[in-house]
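Notes to accompany the following structure.
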């Protein structure tokens, strides 16, 4: 992601290299922090805190152990988790989930704007349902399906065993599916057209 | 047919890095469908997370704030703030000095003498040269009134013999 030379210069205290390092990772770090915290202000604060820590301890960075982004991600997730522990988790109503989307999404909707809109609503519903999932499961799901990490890496970040990380993801998916099914049942007792079409197919 | 797999097992299988070979799954369409739905859900979770992450407006990176925190307020922004503070203090001192060196501003109304309630009339003065020098004493008024004449000399010196 970032040239090793930049990291090397940053380690030697070159402000331009440190700035380049910060700016190269800022967007990705902010987005990941936002997914964990669901609050842009908190995400921004956590990203700044994480960079202060990393740039102060840049001499500890070892490129052979992993990328700078991997190091930043561990720091970031740790800080996000601390931040969330200090806060009350945001509440998302089931009514809100029902109002914004449905569970079933037509995968062949790329060329159909109406279906694409429906898919967008469904993704919003998934995002909102994800807020109802238990915290450990949600963290593991974000790392697994947004960051695309292996269970061993998730385990290292969340400080648990790979089996525990796998179990968290599976439990999270189970909770998510139930939440989405409940929302779908409440919303459309007559049956969703896509669901009906699928059942018929 | 043997028992269906549990939901948790299906969720596990859908995302297993090396899917286990389970005999039941080979033959059970229902469990295969459930695994397929979990796989589809995983794709949707990824899409939902990416959509949400991209939808949020990205704030501008605040490098100089970070720099200040890193260097304990020695960044350019802190230097500018210090410069402005110093300039403000210097201007305040200068204005105090200028204010102090200027004469007290005269207030037009306070400069005028207080308006007397009654105009004192000059008293008639009597000169006495008995002791070789002239002394003047106000002449006691007659019948409690002082002379209204303003032409009355205040002091009359008599020529020495």
Q: Using the structure shown, decide if residue A:73 is assigned to a helix (DSSP H, G or I), modelled with pLDDT of 95 or more and not assigned by TED's automatic domain parsing to the domain that holds residue A:155.
A: yes
Q.
I need every pair where a residue in the stretch A:52-78 that is closer than 12 Å to residue A:22 by Cβ has its Cβ under 8 Å from the Cβ of a residue that is surrounded by fewer than 12 Cβ atoms within 10 Å (Cβ to Cβ), sequence separation at least 6 or different chains.
A. A:68/A:1
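Conditions tested, residue by residue: (1) within 10 Å of chain A (Cβ to nearest Cβ); (2) in a helix (DSSP H, G or I); (3) at pLDDT below 90.
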site: B:40; (1), (2), (3): yes, yes, no
site: B:45; (1), (2), (3): yes, yes, no
site: B:53; (1), (2), (3): yes, yes, no
site: B:58; (1), (2), (3): yes, no, no
site: B:79; (1), (2), (3): no, yes, yes
site: B:85; (1), (2), (3): no, yes, yes
site: B:97; (1), (2), (3): no, yes, yes
site: B:100; (1), (2), (3): no, yes, yes
Q: Could you list, in sequence order, all residues of the stretch A:31-43 that are without any contact (Cβ under 8 Å) to a residue 24 or more places away in the chain and either surrounded by fewer than 22 Cβ atoms within 10 Å (Cβ to Cβ) or away from chain B (no Cβ under 11 Å) (or both)?
A: A:31, A:40, A:41
Q. Which one of the conditions (1) over 23 Å from residue A:148 (Cβ atoms); (2) at the interface with chain B (Cβ under 10 Å from one of its Cβ atoms); (3) crowded, with 21+ Cβ neighbours inside 10 Å does residue A:23 fail to meet, given that it meets all the rest?
A. (3)
**Q.** Hey, residue A:14 more than 11 Å from chain B (Cβ to nearest Cβ), exposed (fewer than 15 other Cβ atoms within 10 Å of the Cβ) and on the phi < 0 side of the Ramachandran plot or not
**A.** yes
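The values are calculated or read from the model by the stated rules, or taken from the named source; none is laboratory data. Fair warning: this is a prediction, and the values are worked out from it, not measured in the lab. Glycine gets a Cβ as well: all are built from the backbone with ideal geometry, and neighbour counts include every protein chain shown.
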